[in-house]
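In what follows, a structure is listed as structure tokens, so that the remarks can point back to it.
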Amino acid sequence: MAKIDAFFKLMHEQKASDLHLVAGSQPILRVDGELERIKYKLLENDELKAMLYEIAPEEKVKVFEETGDIDFGYEVPGLARYRSNFFMQRNGVGAVFREIPSEIVTADKLGLPAVVSKLATLPRGLVLVTGPTGSGKSTTLAAIIDEANRIRKDHIITIEDPIEFVHLSKSCIVNHRELGTHTRSFSAALRGALREDPDIILVGEMRDLETISLALEAAATGHLVFSTVHTTSASKTVDRIIEVFPANEQTQIRSTLADGLRAVISQTLLKRLDKKGRCAAPEIMIATPAVRNLIREAKTYQIPSMIQTGKKYGMQLMDDAIMQLYERGWISGDDAYNKANDKAKFRPFLRKPPSDFTEV
């Protein structure tokens, strides 16, 4: 057992999402979205480095010493998997670990609308799960992939940096590929995947133009592609993808995206009042013919109105999802206000005026 495993055990017991280990500081846990210091001595650089290097693959240590950053997956048998990031900082080494539960929770248990599970039945197209870091994107995607793994008889390929949720083959064949270990890049793995007879492809993140182009191509050629983008709403997701391309290609990409996109789930996490933990507030856009026309015609600013009127298709705005959580008594008015897009709608629920002068 590695020395650092004791921290992972404590992290698991405290139901923390992240563990921060930084030279010159005490260990810190993120519990329900807030940082809490562990009663422990200040970590010395040499001691921490030895602790971190004990669990890192040799080739990753070499890359870290050359570049100052690495990502990899680490597993404590019987406990959980951890997405690990090492970095150099002013006082020496630092690391952040995100716990990836060994059990994959269903979309229903996550409190997500029924339409989310239905996305696992799509024959082809592009489905995006978006949100800021730590908003539960990987957990939502894992629930959808698990549903597909259970009900379909297909080949699923995941391309991640690093591998997070591990899906054991059920009705489907599932192959996991990790950047740096099994493939050089998302784009290289995607290019290879198209020759590996896949039905469903999970791309951990659409980071650059080449990866986005290949994901759109895969969706257009009859594959079901899932991926993530760091955006905060459905309309901004569409804009972000199009803006990655040169201006002279954007008209064509609008058409390609309109044809291939099937759904966008943009979500955020809020701290629960009624019990320990957090809950998700998802904005859901289904690519109906009307939505596709807005994308083609560069009228993405009208997408929120289309979502508002598309409730019969399972669509909902982020603010409506937050309002539902507030009305159930699950979240505070302050949290609802802070995470909402239309702040005025939630201002009456505040206990005190907002401190953010930019919202005045």
> Taking the condition under 20 Å from Ala107 (Cα atoms), more than 18 Å from the chain's Cα centre (by Cα) and among the basic types (Lys, Arg), does Arg292 pass?
Replying inline: no
> What single numbered condition from (1) closer than 23 Å to Thr181 by Cβ; (2) touching a helix residue (DSSP H, G or I) at 6+ places or on another chain (Cβ under 8 Å) fails to hold for Asn91?
Replying inline: (1)
> Can you name the residue in segment 158-180 that is in a strand (DSSP E or B) and polar (S, T, N, Q) and is also nearest to Phe226 (Cα to Cα) among such residues?
Replying inline: Thr158
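For every residue, the table says whether it meets (1) farther than 30 Å from Gln316 by Cβ; (2) outside the structural domain of Ala258 (by TED's automatic domain parsing); (3) assigned to a helix (DSSP H, G or I); (4) touching a residue at least 40 places away in the same chain (Cβ under 8 Å).
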| residue | (1), (2), (3), (4) |
| --- | --- |
| Ile55 | yes, yes, no, yes |
| Glu66 | yes, yes, yes, no |
| Tyr82 | yes, yes, no, yes |
| Phe87 | yes, yes, no, no |
| Lys109 | no, yes, no, no |
| Lys118 | no, no, yes, yes |
| Pro123 | no, no, no, yes |
| Leu126 | no, no, no, yes |
> Restricting the search to segment 217-237, which residues are crowded, with 21+ Cβ neighbours inside 10 Å, out of contact with any Asp or Glu (no Cβ under 9 Å at 6 or more places or on another chain) and under 21 Å from Ala120 (Cα atoms)?
Replying inline: Ala218, Val225, Phe226, Thr237
> Across segment 241-296, what is the total count of residues that are surrounded by 17 or more Cβ atoms within 10 Å (Cβ to Cβ), of a type in the set (D, E, K, R) and at pLDDT 95 or above?
Replying inline: 4
> Does Ala107 satisfy the condition of being surrounded by 15 or more Cβ atoms within 10 Å (Cβ to Cβ) and either touching a Leu at 6+ places or on another chain (Cβ under 7 Å) or hydrophobic (A, V, I, L, M, F, W, C) (or both)?
Replying inline: yes
> If you check Ser305 against the conditions, is it of a type in the set (Ser, Thr, Tyr), without any contact (Cβ under 8 Å) to a residue 24 or more places away in the chain, under 29 Å from Leu110 (Cα atoms) and part of a helix (DSSP H, G or I)?
Replying inline: yes
>> Quick test of your reading of the structure: Thr130 fulfils all but one of (1) assigned by TED's automatic domain parsing to the domain that holds Leu10; (2) of a type in the set (S, T, N, Q); (3) under 22 Å from Asp161 (Cα atoms). Name the failing condition by number.
In response: (1)
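The values are calculated or read from the model by the stated rules, or taken from the named source; none is laboratory data. Remember, predicted model here, so these are calculated numbers, not experimental data. Note: ideal-geometry Cβ built from the backbone for every residue, glycine included; neighbour counts use all protein chains shown.
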